[in-house]
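Worksheet: the structure to be examined is printed underneath.
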Amino acid sequence: MTTQKTLSAFIAEHEITIECHRAQSNPHMPDKPDHVMDHWEVILKTPLDRMIVSFSMGLGLRKNGRPVPPDVETVLDTLAGDAAGIENTPSFEDWCAEYGYDTDSRSAERTFNACEKQAEELKQFINDPDAFQELLYGTERL
């Protein structure tokens, strides 16, 4: 039995930090305005690189009615999950079948393309093929 690394341990090992700024919208979610979700511009950083990503959270995650920025574990876990989904499905049609999207949907295609682009950005941000695979498949999900 293989022991998986915790996400916190992976983050500490790779010295990943986060900076968050409120955003009015998420370009990947044009139908979800800020009164429906809290949108953030998130900057993940390592000593050598950074990755900027739009990130949204439902209003149910607020504390005392106020927006709470996402933490590094939540953002990295979400990005890793999306990237694993892209890596595990060799085509748009397979991805749609896996996640219940209609292959005839332009919205599904935009979502797929955004996930595919983000997965490549995450791979470049991690900048080590073995560490990227460890993040996707050898790290405990939240």
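Just so it is clear, none of the values below were taken in a lab; they were calculated from the coordinates. Just so you know, these numbers come straight off a predicted model, no measurement behind them. Note that we place each Cβ from the backbone using ideal geometry, even for glycine, and neighbour counts take in every protein chain shown.
Specify whether the C-alpha gyration tensor of the chain places it in the rounded, prolate or oblate class, a ≥ b ≥ c being the square roots of the eigenvalues: rounded for a/c under 1.5, otherwise prolate if a/b is larger than b/c and oblate if not. Oblate is the answer for the chain, as a/c is 1.5 or above yet b/c matches or exceeds a/b. With R₀ fixed at 25 Å, the C-beta to C-beta distance from ASP49 to GLU98 puts the FRET efficiency at about 0.25.
When DSSP beta bridges are restricted to pairs lying wholly in the chain, around 95% turn out antiparallel.
Phi angles of segment 86-91 translate, via the Karplus equation with coefficients 6.51, -1.76, 1.60 and θ = phi - 60°, into HN-Hα couplings of 5, 5, 8, 10, x, 8 Hz per residue; Gly and Pro are given as x. When the chymotrypsin sites (Phe, Trp or Tyr not before Pro) in segment 58-126 are filtered for DSSP coil states and for at most 12 other beta-carbon atoms within 10 Å of their beta-carbon, no site remains. Between the DSSP loop rule and a limit of at most 14 other Cβ atoms within 10 Å, which GluC sites (Glu not before Pro) in segment 44-142 are left? Passing both the DSSP loop test and the Cβ count: GLU140. Inter-label distance, GLU109 to HIS35: 3.2 nm, where each label sits 7 Å from its Cα along the C-beta direction. With a ≥ b ≥ c taken as the square roots of the eigenvalues of the C-alpha gyration tensor of segment 84-142, please select rounded if a/c is under 1.5 and otherwise prolate if a/b is larger than b/c or oblate if it is not? Here segment 84-142 falls in the prolate category. In sequence order, segment 119-126 has phi-based couplings of 4, 5, 5, 5, 4, 5, 5, 5 Hz under the Karplus curve 6.51 cos²θ - 1.76 cosθ + 1.60, θ = phi - 60°, and Gly or Pro positions carry x.
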